[in-house]
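> One structure follows; several queries about it will come next.
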Amino acid sequence: HCKEFYEKRRVPMVTLETVIGWIGPHKSIEFLKIDIQGLDFFAVQSGGASLSRVKRIQLEVPITDHATLGSPDCREVVSKMKALGFRLALTNETNPYTSGRHHGNGNIPLVTADGKSCKSLNTLEADAFFVRSDLTAAA
């Protein structure tokens, strides 16, 4: 948390649906990674109908604390992603998209269907890796 307020900035925003539209109407997206400080799920949600073109998504999820007021926690994100047509990936389905070692200072845990779960983590945040529910699970 900042101790001092430096300046107020206006930041232009567009929805994920708009960004996917810029890619072209018939192209699928193999992998989408979002990391926007606790607002990740809201960005995914803004994808609307264009989410059907996305095969894999990795996003940051709050674990023990809602990093941003109103942001769903890890378990809520898993449930909401299921409603959007995604399931947690198996660990071997995350390759070659992630190595399990993440950005920032140190390692950010990766939540997967057969690895670390939302309940098992004692951190403020993690990354969760999802695949489209209709993708066949990797052997």
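The values are calculated or read from the model by the stated rules, or taken from the named source; none is laboratory data. Everything quoted here is computed from the prediction, not taken from an experiment. Note that each Cβ is placed from the backbone with ideal geometry, even for glycine, and that neighbours are counted across all protein chains shown. Protein only, heavy atoms only, side chains kept; ligands, DNA and RNA dropped before computing areas. Shrake-Rupley method; radii C 1.70, N 1.55, O 1.52, S 1.80 Å.
> What pairs come up if the first residue lies in region 117-138 and is closer than 18 Å to E60 by Cβ, the second is among the aromatic types (F, W, Y) and open to solvent by 40 Å² or more (accessible area, probe 1.4 Å), and their beta carbons are under 8 Å apart, counting only those six or more places apart or on different chains?
F129/Y97
> Please state which of the following conditions G38 fails to meet, knowing it meets all the rest: (1) modelled with pLDDT of 95 or more; (2) surrounded by 17 or more Cβ atoms within 10 Å (Cβ to Cβ); (3) at positive phi.
Among (1) modelled with pLDDT of 95 or more; (2) surrounded by 17 or more Cβ atoms within 10 Å (Cβ to Cβ); (3) at positive phi, G38 violates only (1).
> Let me ask another. With the checklist (1) among the polar types (S, T, N, Q); (2) open to solvent by less than 50 Å² (accessible area, probe 1.4 Å); (3) modelled with pLDDT under 95; (4) over 16 Å from A126 (Cβ atoms) in hand, flag the one item S28 doesn't pass.
(2)
> Would you check if V44 is open to solvent by less than 40 Å² (accessible area, probe 1.4 Å), at pLDDT 95 or above, hydrophobic (A, V, I, L, M, F, W, C) and under 21 Å from A89 (Cβ atoms)?
Yes.
> If we keep just the residues of region 69-93 that are open to solvent by less than 40 Å² (accessible area, probe 1.4 Å) and in contact with a helix residue (DSSP H, G or I) (Cβ under 9 Å, 6 or more places away or on another chain), which is modelled with the lowest pLDDT?
Checking each candidate, the answer is S71.
> Okay, next question. For region 27-39, state whether one or more residues are more than 16 Å from the chain's Cα centre (by Cα) and not β-branched (V, I, T).
Taking region 27-39 first, the residues more than 16 Å from the chain's Cα centre (by Cα) are 27-28.
Next, from what is left, pick out any that are not β-branched (V, I, T): 27-28.
Checking region 27-39: at least one residue is more than 16 Å from the chain's Cα centre (by Cα) and not β-branched (V, I, T).
> Return yes or no: is V19 surrounded by fewer than 12 Cβ atoms within 10 Å (Cβ to Cβ) and over 30 Å from K119 (Cβ atoms)? First the steps, then the outcome.
Numbers: surrounded by fewer than 12 Cβ atoms within 10 Å (Cβ to Cβ): no; over 30 Å from K119 (Cβ atoms): yes.
No, not satisfied.
> Also, quick follow-up: Looking at region 1-16, which of its residues are open to solvent by 80 Å² or more (accessible area, probe 1.4 Å) and either among the polar types (S, T, N, Q) or touching a strand residue (DSSP E or B) at 6+ places or on another chain (Cβ under 9 Å) (or both)?
Going through region 1-16, the residues open to solvent by 80 Å² or more (accessible area, probe 1.4 Å) turn out to be 1-14.
Answer for region 1-16, where residues must be open to solvent by 80 Å² or more (accessible area, probe 1.4 Å) and either among the polar types (S, T, N, Q) or touching a strand residue (DSSP E or B) at 6+ places or on another chain (Cβ under 9 Å) (or both): there is none.
> Only residues that are polar (S, T, N, Q) and more than 14 Å from M81 (Cβ to Cβ): list them for region 118-137, please.
The first filter runs over region 118-137 and keeps only residues polar (S, T, N, Q), leaving 120, 122-123, 133, 136.
Selection gives S120, N122, T123, T136.
> Which residue pairs have Cβ atoms closer than 7 Å, lie 6 or more positions apart in sequence or on different chains, and pair a first residue in region 43-60 that is more than 13 Å from M81 (Cα to Cα) with a second residue that is open to solvent by 40 Å² or more (accessible area, probe 1.4 Å) and among the polar types (S, T, N, Q)?
R53/S28
> Within region 94-125, restricting attention to residues that are outside any loop (DSSP other than H, G, I, E, B) and modelled with pLDDT of 90 or more, which residue is least open to solvent (accessible area, probe 1.4 Å)?
Of the residues in region 94-125, the ones outside any loop (DSSP other than H, G, I, E, B) are 110-111, 116, 125.
Checking the rest, the ones that are also modelled with pLDDT of 90 or more come to 110-111.
Numbers: L110: 23, V111: 0 Å².
The residue in question is V111.
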